[in-house]
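Single-structure report; data block below.
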Amino acid sequence: MQGTVSVTNLTKTFVSKDETVTAVDNVTMSTPPNKVLTLLGPSGCGKTTLLRCIAGLESPNSGEISIGGEVVWSGAKGVSLPPERRNIGMVFQSYAIWPHMTVFGNVAYPLEVRKVPKAKIEKKVKDILKLVQLSGFENRSATRLSGGQQQRVALARALVAEPDVILFDEPLSNLDAKLRESTRKELRLFLSDLSTSAIYVTHDQVEALTISDDVAIMRDGYIVERGTPQHIYLRSNNPFVVDFIGRANFLEAVIKSYEDENHAVVSCALGNIICSAPAGLAGGTSVTIYTRPESFEIVPSSSPAVENEFKGTVGNVLFAGEAHEVELKVDGVDVLAKMKLQTPLKRGDQVRLQIGREWCRALDPEKEEA
Amino acid sequence: MAKRRNFPLTALLIILVGALTVGPVLMLIIGSFSEGIGTVGKFTLEKYKSAYSDPTLMKTLSNTLIFTLGTASFSTILGALLAYLNVRTNMPFKGLFRILPIVPMMIPHVLFTAAWITLLNPTNGMFNVFLQNLFGLAKAPFNIYSLGGMVFLEGMLDLPVTYLVMSPAMHSFDTMLEEASRVSGASNAHTLRKITLPILKPSLLATFTLAIIRSLAAFAVPSMVGMPGRIHVLTTHVYRIISVGWSPDYGKAAAIGLIVLAAAITLVYFYRHLISEGSQYVTVTGKGYRPTIIELGRARYPVFAFSGLFFAFLVIIPLATLVYMSFLPYSMVPSARAFSMMNLRNWKTVLSNLIILRAFKNSAFLAVFGATITILLSIFVAYVIVKIKSKSSAFIESLSFLSFSFPGMIIGVGFMWFLVRTPLYATIWGLLVAYAGTYLPYGVRPLRSAFMQIDEELEESARVFGASFLRALRDIVIPLLAPGVISAWILTACMFIRELSVSVVLSRPGTEVLTVEIMKLANDGLWGQVAALGLIMIALSTSLVIAANLLRVPLSHAES
């Protein structure tokens, strides 16, 4: 696998209190050049450890890491470059802005240690501060900045020396919700404009979906699934991924027949419906299908019958700000649906609903027990 | 309502605490302008003239400067290093570090100093003789009676405190700041120089200042090591004015003492400024990730041996030396002959000495009764500071912390001027009053934090559920406060057992205390008796510390 960062068969274990924990378990992956790859997973899945191994802040047990085509760590070849020789940039969770330096001092530091001439340092720092909209803050003490500004100083510092790759370790987790949203957008714009390679670690799925070109879902030290944000959210067949990303209704179903290679008719609580399914499952196979709450649509009572239509009884209707969360009873099974606020619904209503065949998917039974 | 009822308490405390802290300072100032201890009131500048025209003063000042700065540098660097090794590396046997802070409670300074003198004095220091025999040296390789020797001993004695002050700084250090430097392309050494040390600078400076304050007030090492070597610092200079020759000149002592006091107060003010929130670097800290522990790898055991060396210097070597010496008639290098000559004579001599037996009684009285009175006073002061938040309680707070900066020797002279005018002079009660005034901050501090831990709602909820004020006090406040009180009492009792610098000024025939008697025995070169008596003292303080452990009260060492 070729890419800006390539990781091959990497394993990292920790020993704590006589117990060995495998934080990174034989991971092989690479980042496409000039793209943002996000490592997403619940806490303790090994994403941060993997990132720190790439940075050189942790020492792996075995495997190989190369950055920009150069091997920086290899168990077999006995290569172990310290962080300072890996040509990387990093944005830390706490920003790690040095409190005893000014904004200029912080951003200029990577250039100073690289012995860049003074005049050039000044120009580059000026340019990069302009990019992150901190022009005029050069002489401000770095601790006298707001959270969002500190975050941008950290970004400028990571970018300034034009590293092969920038590593992000949950950089937005210290911001409050509102600021997190706007900074997320800003960061996405920066990263696509600059077209640098980046590896981004987060446990926040919305962050992962908006910021990345590519998402790798991690669990227990290995990568469960990798794909574009759209693929991960809409087309995953992996039960862990579906459960971890967003909310889903899971329904027991039985395969009846195939419509085409990727679509099967299944019988479930919603009746006989057509859904996306892994190819080649035998008729009669028990599967789990899932739907996202926001993918249901109301069928007007006057309308003729449509594909994948079913009837439900409205239970509790919760006002959740941006939408109504409606608990439906369908053939004795609970289904959660998110409905536009304009839709007039009240408890006890009988409604006709529809689910598009692309919006309900059968999970791969082979991955189910995981 | 509550305020009015508490008003007399606050006023009474201001008078009491004021008398104990401002009183001796005022008397010191008045005394410095007076003819003699009996004739307060006749204004004279003679004392200042004679004090500051003393030709030995310049040398004393330069010695003091070298001694304090040397000690502070040595103990700060070492304390920071040990704190770093404990917090940031995977050094083995870290349990050792837990005993470091309580070492000074168990081994009084006089005994630590005495043990090292018997090892490193140039005439018959056992370690010197051993090296001379081993390498056939004509001259002793070490001379403890030197500025270097003084800096070594005082630096070791300050080590537990510098370690304690540096530890939290190391704990709260966000290691991501260093990691950010590494990924920015800087080496380990560059990171240490440009990032780690500058960020630790405020803490290092505060620790250094505290070490200067302590060494400026030090008396055991300057008197036992400095005076025989004719190296005088300010405390011993004052001591000589009041103890050498036939007419002790308390006015001259006060005139010198005032500048020491001024210097100490300035330093404490500076120290409190340094540890205030505004001057420390506050950074956002990431949540979740554990601090990077530096894997020492093959260096683990050498690093342990390095830190273990200082534990040996501080505890094992002095204790072993004292035990060994206590059975010998005179100091000699361990040999078959030495062991065959061992006997209990030192122990018997010490325990049949009437003056020493009286000193025992006095020290025990001061420890038990003095600690009780000091803690009782501290409870009221802490209560007023924490629970009654008014202008006068803030005033009490600053009053009660005033003596934190007082060098015992100097404030002892102040108490001398104070007590001589009362019937307490030359009584054990006089010593008790002086102890309480000088060491009040050490009682108030732990109790203040104990009071702060008792959330008002705990007390209020008892009231809501039907308990009367007294009932709530008995059922809620007192049980929660008890561990803090016991801990503070034990700390204070230990401190009073090893008290030297106030006692050396105020102790008179009839009011002898153990530390002063040990110093006198040491001056006479009776090291075997020093050792025997010292071991009994160490056993006393150690049993108090063990009692604290059995009662499971946290011994937060309050000397920082």
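The values are calculated or read from the model by the stated rules, or taken from the named source; none is laboratory data. All values reported here derive from a predicted model rather than from experimental measurement. Note that we place each Cβ from the backbone using ideal geometry, even for glycine, and neighbour counts take in every protein chain shown.
Inspection of the stretch A:351-369 identifies no residue that is outside the structural domain of A:Tyr233 (by TED's automatic domain parsing), modelled with pLDDT under 85 and over 20 Å from A:Phe250 (Cβ atoms).
Filtering the stretch B:384-413 to residues that are among the hydroxyl-bearing types (Ser, Thr, Tyr), crowded, with 19+ Cβ neighbours inside 10 Å and farther than 17 Å from B:Ala450 by Cβ leaves B:Ser403, B:Ser405. Looking only at residues in the stretch A:38-64 that are surrounded by fewer than 24 Cβ atoms within 10 Å (Cβ to Cβ) and part of a strand (DSSP E or B), the one that is nearest to the other protein chains (Cβ to nearest Cβ) is A:Ser62. Looking across the stretch A:14-36, the residues that are touching a Gly at 6+ places or on another chain (Cβ under 9 Å), in a strand (DSSP E or B) and in contact (Cβ under 8 Å) with a residue 40 or more places away in the chain come down to A:Thr22, A:Ala23, A:Val24, A:Asp25, A:Asn26, A:Val27, A:Met29. In the stretch B:336-383, the qualifying residues are those that are touching a Ser or Thr at 6+ places or on another chain (Cβ under 7 Å) and not small (Gly, Ala, Ser), and the one that is surrounded by the most Cβ atoms within 10 Å (Cβ to Cβ) is B:Thr374. Part of a loop (DSSP other than H, G, I, E, B), assigned by TED's automatic domain parsing to the domain that holds B:Leu535 and among the polar types (S, T, N, Q) - does that describe any residue in the stretch B:485-492? No: zero hits. With a requirement of 3 or more residues that are assigned by TED's automatic domain parsing to the domain that holds B:Pro101, closer than 30 Å to B:Met91 by Cα and aliphatic (A, V, I, L, M), the helices (runs of 4 or more DSSP H) lying completely within the stretch B:295-373 that satisfy it span B:300-311, B:317-326.
Set side by side, the residues B:Ile212, B:Ile144 differ, and just one is away from every other protein chain (no Cβ under 11 Å), crowded, with 20+ Cβ neighbours inside 10 Å, in contact (Cβ under 8 Å) with a residue 12 or more places away in the chain and assigned to a loop (DSSP other than H, G, I, E, B), which is B:Ile144.
When the stretch A:85-120 is filtered for residues that are at positive phi, within 8 Å of another protein chain (Cβ to nearest Cβ) and at pLDDT 90 or above, only A:Asn87 remains.
Counting only helices (runs of 4 or more DSSP H) wholly contained in the stretch B:28-116, the ones carrying 3 or more residues that are assigned by TED's automatic domain parsing to the domain that holds B:Ser167 and at pLDDT 90 or above occupy B:57-88.
Exactly one residue out of B:Val103, B:Val25, B:Val87 is over 30 Å from B:Tyr301 (Cβ atoms), of a type in the set (A, V, I, L, M) and surrounded by 15 or more Cβ atoms within 10 Å (Cβ to Cβ), and it is B:Val25. For the stretch A:23-33, the criterion of being assigned by TED's automatic domain parsing to the domain that holds A:Asp220, touching a strand residue (DSSP E or B) at 6+ places or on another chain (Cβ under 6 Å), under 24 Å from A:Val132 (Cβ atoms) and surrounded by fewer than 22 Cβ atoms within 10 Å (Cβ to Cβ) is met by at least one residue. Of the listed requirements (1) without any contact (Cβ under 8 Å) to a residue 12 or more places away in the chain; (2) part of a strand (DSSP E or B), A:Gly312 misses just one: (1).
Only a single criterion out of (1) free of Cβ contacts under 8 Å to residues at least 60 places away in the same chain; (2) buried (at least 17 other Cβ atoms within 10 Å of the Cβ) is not satisfied by A:Lys118, namely (2). With respect to (1) in contact with a Ser or Thr (Cβ under 6 Å, 6 or more places away or on another chain); (2) within 30 Å of A:Thr183 (Cα to Cα), the lone exception for A:Val254 is condition (2).
For B:Arg182, the requirement of being among the charged types (D, E, K, R), at the interface with chain A (Cβ under 10 Å from one of its Cβ atoms) and more than 21 Å from the chain's Cα centre (by Cα) is met. Applying the set (1) part of a helix (DSSP H, G or I); (2) surrounded by fewer than 16 Cβ atoms within 10 Å (Cβ to Cβ) to B:Gly466 leaves exactly one unmet item: (1).
The condition of being crowded, with 19+ Cβ neighbours inside 10 Å and of a type in the set (A, V, I, L, M) holds for only one of A:Leu131, A:Leu159, that being A:Leu159. Can you confirm whether A:Val160 is farther than 14 Å from A:Ala96 by Cα, assigned by TED's automatic domain parsing to the domain that holds A:Leu57 and over 24 Å from the mean Cα position of the chain (by Cα)? So A:Val160 fits the description; yes. Counting only strands (runs of 3 or more DSSP E) wholly contained in the stretch A:137-223, the ones carrying 3 or more residues that are within 11 Å of chain B (Cβ to nearest Cβ) and at pLDDT 90 or above occupy A:165-169.
Report yes if some residue within the stretch A:189-197 is under 13 Å from the mean Cα position of the chain (by Cα), of a type in the set (Gly, Ala, Ser) and crowded, with 21+ Cβ neighbours inside 10 Å; otherwise report no. No, that holds for no residue. Any residue that is among the small types (Gly, Ala, Ser) and in contact with a Phe, Trp or Tyr (Cβ under 6 Å, 6 or more places away or on another chain) - is there at least one of those in the stretch A:154-163? Checked the stretch A:154-163: at least one residue is among the small types (Gly, Ala, Ser) and in contact with a Phe, Trp or Tyr (Cβ under 6 Å, 6 or more places away or on another chain).
B:Asp174 passes all but one of (1) away from chain A (no Cβ under 14 Å); (2) not in a helix (DSSP H, G or I); which number fails? Tallying (1) away from chain A (no Cβ under 14 Å); (2) not in a helix (DSSP H, G or I), B:Asp174 fails exactly one: (1). Kindly provide the set of residues from the stretch A:65-79 that are away from chain B (no Cβ under 13 Å) and assigned to a strand (DSSP E or B), ordered by number. Listed by number, the residues that qualify are A:Ile65, A:Ser66, A:Glu70, A:Val71, A:Trp73, A:Ser74, A:Val79. Of all residues in the stretch A:334-353, those being part of a strand (DSSP E or B) and either exposed (fewer than 15 other Cβ atoms within 10 Å of the Cβ) or among the hydroxyl-bearing types (Ser, Thr, Tyr) (or both) number 2. In contact (Cβ under 8 Å) with a residue 24 or more places away in the chain, among the acidic types (Asp, Glu) and either crowded, with 19+ Cβ neighbours inside 10 Å or within 14 Å of chain A (Cβ to nearest Cβ) (or both), is that true of B:Asp249? In short, no. If the condition is being of a type outside the set (Phe, Trp, Tyr) and in contact with a strand residue (DSSP E or B) (Cβ under 7 Å, 6 or more places away or on another chain), then the stretch A:183-202 contributes A:Leu191, A:Thr196, A:Ser197, A:Ala198, A:Ile199, A:Val201, A:Thr202. All conditions in (1) more than 14 Å from chain A (Cβ to nearest Cβ); (2) surrounded by fewer than 20 Cβ atoms within 10 Å (Cβ to Cβ); (3) modelled with pLDDT of 85 or more; (4) more than 20 Å from the chain's Cα centre (by Cα) hold for B:Val244, with the sole exception of (3).
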